[in-house]
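Encoded as C-alpha cells, the structure appears first; notes follow it.
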Amino acid sequence: MRGHLQQRGADSWRLKVFLGRSADGKKRYLERTVRGTRSEADQELARMVVEAGEGRWTPSAPMTMAELLDRWLKLKATTVEPSTVSNYAWIARQYVVPAFGDRKVASIRTMELDEFYARLRLSGGVGRRPLSGRTVRICHTVMRQSLDQARKWGVIARNPARDATPPSAGHSEVSPPSVVQVRDLLAAAFDEEPDFGVYLWLLATTGCRRGEGCALRWKDVSWDTGELLIRRNIAHVGRDIVEKATKTHQSRRVAIDASTLELLPQHQLRCRELALRVGVRLDDDAFLFSEEPDFATPWRPDVCTNRFGRLRATLGLESVRLHDLRHFTATELGQSGTPVATISARLGHRDKATTLNIYSHTLPATDALAAETISRLIGDPRRQHGS
C-alpha cells in the first residue's frame, strides 16, 4: 500500500492511500482530511496504510458527525434504557450537532474537543451562563462512545475523544430547605390541592424520588405493617413517559409514620369518589396520583416539578427544588443520629458510600454524639488517677 500526503492549509492535510483498481479498472483510494502538525499527519497516514492493508476501509463518502450520531443512537437504542437514549439524543441536538454536525468525522481532533468542553463549561448554559460539569461530561460520553463506534466501523483509525479531557463533574454540597420551609410548602400544597399535598408529604417523609412517587400504586401500600413498597419509577422518554425499574434497579420497603397512615386512607377515599363518578371501581393496581378518573395513568414527573415551581414562587422560596425534599429527609435523619445504613436504605442508594459521599457534611452532629458517647463510657481520666 502506498500513501500520499498533501498540505491544504496551515494545519490541514489531505491524506490518500492507493487501494488498487476496481473491477472496471478505476483506481481506488482511501482519503481523509486531517488537521494538525506534519508529524501528526504522518502518523495518521501510517495508520491509514495499516488500515487499508487490513481491509478496514469504507468506499462510501466520508461520514459527518451528524450522520454518525444518528446511526449510533439507533444502535444504542438496542442496548440501553429508552430514557438514556432520549437523554443522549437531547445532548447531541443541543450541544454536539451545532458544534460538529457538519464536520467530517475523520477531521475532528482532540484539541478541538478540549476547547469545546471548555467553552461549554464557561458559557454553554442558558443565557450564556456556565454549563454544569456533569452535563459537559455527558457531552463527552456522547462524543467518546459515538466516535469509538466509528472506529469499530472503520470510519476512523483512532478515537480523538479518548485523549480529550472533560471537566470534572464536581460535587457541590447539598443545601436542603429548613423544617420551617418544608412545613410552609406542605401547608400551601394541602390548601391548594390535597392530592398534591399528599404527594409532597410522601416525598418529604420517605425521601423517594419524584418519579418513584408518581409510580406508587395502592397495592404498594402495606396497611398492616405500615410500609410502602417503592419498586418502580416514572421516567421521561422524549415527550412520553414510561414506567421502569428504580434508578438502582432495586425495590425497597420503607416504614411510614402514623400521620401518613392517616393521610393515605383519606386520599384513597377521594380517589374512590372520583372514580365512582365515572362508574369506575378503584382497584389495587390504580396509581395513587393520576389526572384520569380511573387512575390508570400516573402523574408526569415534569408536571409535578412545574407545579412545585409555581408553589414555591408564591412563598418566595425560589431556591428550593422538588428534589430538595429528598435532601431534607436525608439531612434531618442524619442530624438526628439515624444510622447511615438506615438512611441509605430509605433513599434507595446502591450502597452506604453513595449516601456518605452526598451527605457527609450534614453528619457532624452524629460524629460529635459518637465522641461524647465514648467519653462518657471512659469517664474523666483525671479522677481515675487521683488528680
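Part of a loop (DSSP other than H, G, I, E, B) and aliphatic (A, V, I, L, M): is that true of LEU122 in this structure? Judged against the criteria, LEU122 is not a match.
Would you check if LEU261 is in contact with a helix residue (DSSP H, G or I) (Cβ under 9 Å, 6 or more places away or on another chain) and either in a helix (DSSP H, G or I) or touching a residue at least 24 places away in the same chain (Cβ under 8 Å) (or both)? In short, no.
Hey, can you tell me all the residues within the stretch 48-59 that are surrounded by 15 or more Cβ atoms within 10 Å (Cβ to Cβ) and at pLDDT 80 or above? Show your work before the answer.
As a first pass, look at the stretch 48-59 and keep what is surrounded by 15 or more Cβ atoms within 10 Å (Cβ to Cβ): 48-49, 51-52, 56-57.
Within the stretch 48-59, MET48, VAL49 meet the criteria.
Counting the residues of the stretch 18-48 that are out of contact with any helix residue (DSSP H, G or I) (no Cβ under 9 Å at 6 or more places or on another chain), farther than 17 Å from PRO62 by Cβ and assigned to a strand (DSSP E or B) gives 3.
Quick one: is GLY127 at positive phi and not assigned by TED's automatic domain parsing to the domain that holds MET48?
Details: at positive phi: yes; not assigned by TED's automatic domain parsing to the domain that holds MET48: yes.
Against the criterion (at positive phi and not assigned by TED's automatic domain parsing to the domain that holds MET48), GLY127 qualifies.
Does PHE295 satisfy the condition of being among the aromatic types (Phe, Trp, Tyr) and more than 25 Å from the chain's Cα centre (by Cα)? So PHE295 passes the test. SER259: more than 22 Å from LEU322 (Cβ to Cβ) and either among the hydroxyl-bearing types (Ser, Thr, Tyr) or surrounded by 14 or more Cβ atoms within 10 Å (Cβ to Cβ) (or both), yes or no? Criteria not met by SER259. Checking each residue in the stretch 98-110 for being exposed (fewer than 15 other Cβ atoms within 10 Å of the Cβ) and in a helix (DSSP H, G or I) picks out only PRO98. Among the hydrophobic types (A, V, I, L, M, F, W, C), under 30 Å from TYR88 (Cα atoms) and assigned to a loop (DSSP other than H, G, I, E, B) - does that describe any residue in the stretch 218-231? Within the stretch 218-231, none of the residues are among the hydrophobic types (A, V, I, L, M, F, W, C), under 30 Å from TYR88 (Cα atoms) and assigned to a loop (DSSP other than H, G, I, E, B). Taken together, ARG158, ARG134, ARG128 contain a single residue that is at pLDDT below 95, out of contact with any helix residue (DSSP H, G or I) (no Cβ under 8 Å at 6 or more places or on another chain), of a type in the set (Lys, Arg) and over 30 Å from TYR359 (Cβ atoms), which is ARG128. Scan the stretch 328-357 for residues that are within 25 Å of the chain's Cα centre (by Cα), surrounded by fewer than 22 Cβ atoms within 10 Å (Cβ to Cβ) and of a type in the set (Gly, Ala, Ser) and the total you get is 4.
Can you tell me which residue in the stretch 305-327 is surrounded by the most Cβ atoms within 10 Å (Cβ to Cβ), limited to those that are assigned to a loop (DSSP other than H, G, I, E, B) and hydrophobic (A, V, I, L, M, F, W, C)? If we take residues in the stretch 305-327 being assigned to a loop (DSSP other than H, G, I, E, B) and hydrophobic (A, V, I, L, M, F, W, C), then VAL320 is surrounded by the most Cβ atoms within 10 Å (Cβ to Cβ). Just one of the numbered conditions (1) surrounded by 14 or more Cβ atoms within 10 Å (Cβ to Cβ); (2) within 30 Å of ALA92 (Cα to Cα) is not true of ARG239: (1).
Scanning the stretch 120-143 for residues that are over 17 Å from the mean Cα position of the chain (by Cα) and crowded, with 17+ Cβ neighbours inside 10 Å yields LEU120, ARG121, GLY124. If you check LEU5, LEU15 for being farther than 18 Å from GLY154 by Cα, assigned to a strand (DSSP E or B) and hydrophobic (A, V, I, L, M, F, W, C), only one passes: LEU5.
As for the stretch 85-97, it holds at least one residue that is modelled with pLDDT of 95 or more, closer than 26 Å to ALA157 by Cβ, outside the structural domain of LYS27 (by TED's automatic domain parsing) and surrounded by fewer than 18 Cβ atoms within 10 Å (Cβ to Cβ).
Against the list (1) outside any loop (DSSP other than H, G, I, E, B); (2) touching a strand residue (DSSP E or B) at 6+ places or on another chain (Cβ under 6 Å); (3) not acidic (Asp, Glu), the condition PRO298 fails is (1). Looking at TRP201, TRP223, just one residue is assigned by TED's automatic domain parsing to the domain that holds HIS267 and either buried (at least 20 other Cβ atoms within 10 Å of the Cβ) or under 22 Å from the mean Cα position of the chain (by Cα) (or both), and that residue is TRP201.
Kindly indicate whether any position in the stretch 197-204 is farther than 18 Å from ALA296 by Cα, among the hydroxyl-bearing types (Ser, Thr, Tyr) and in contact with a helix residue (DSSP H, G or I) (Cβ under 8 Å, 6 or more places away or on another chain).
no
The values are calculated or read from the model by the stated rules, or taken from the named source; none is laboratory data. A quick note: this is a predicted structure, and the numbers were derived from the prediction, not measured. Positions of Cβ are generated from backbone atoms using ideal geometry, with glycine treated the same way; all protein chains shown enter the neighbour counts.
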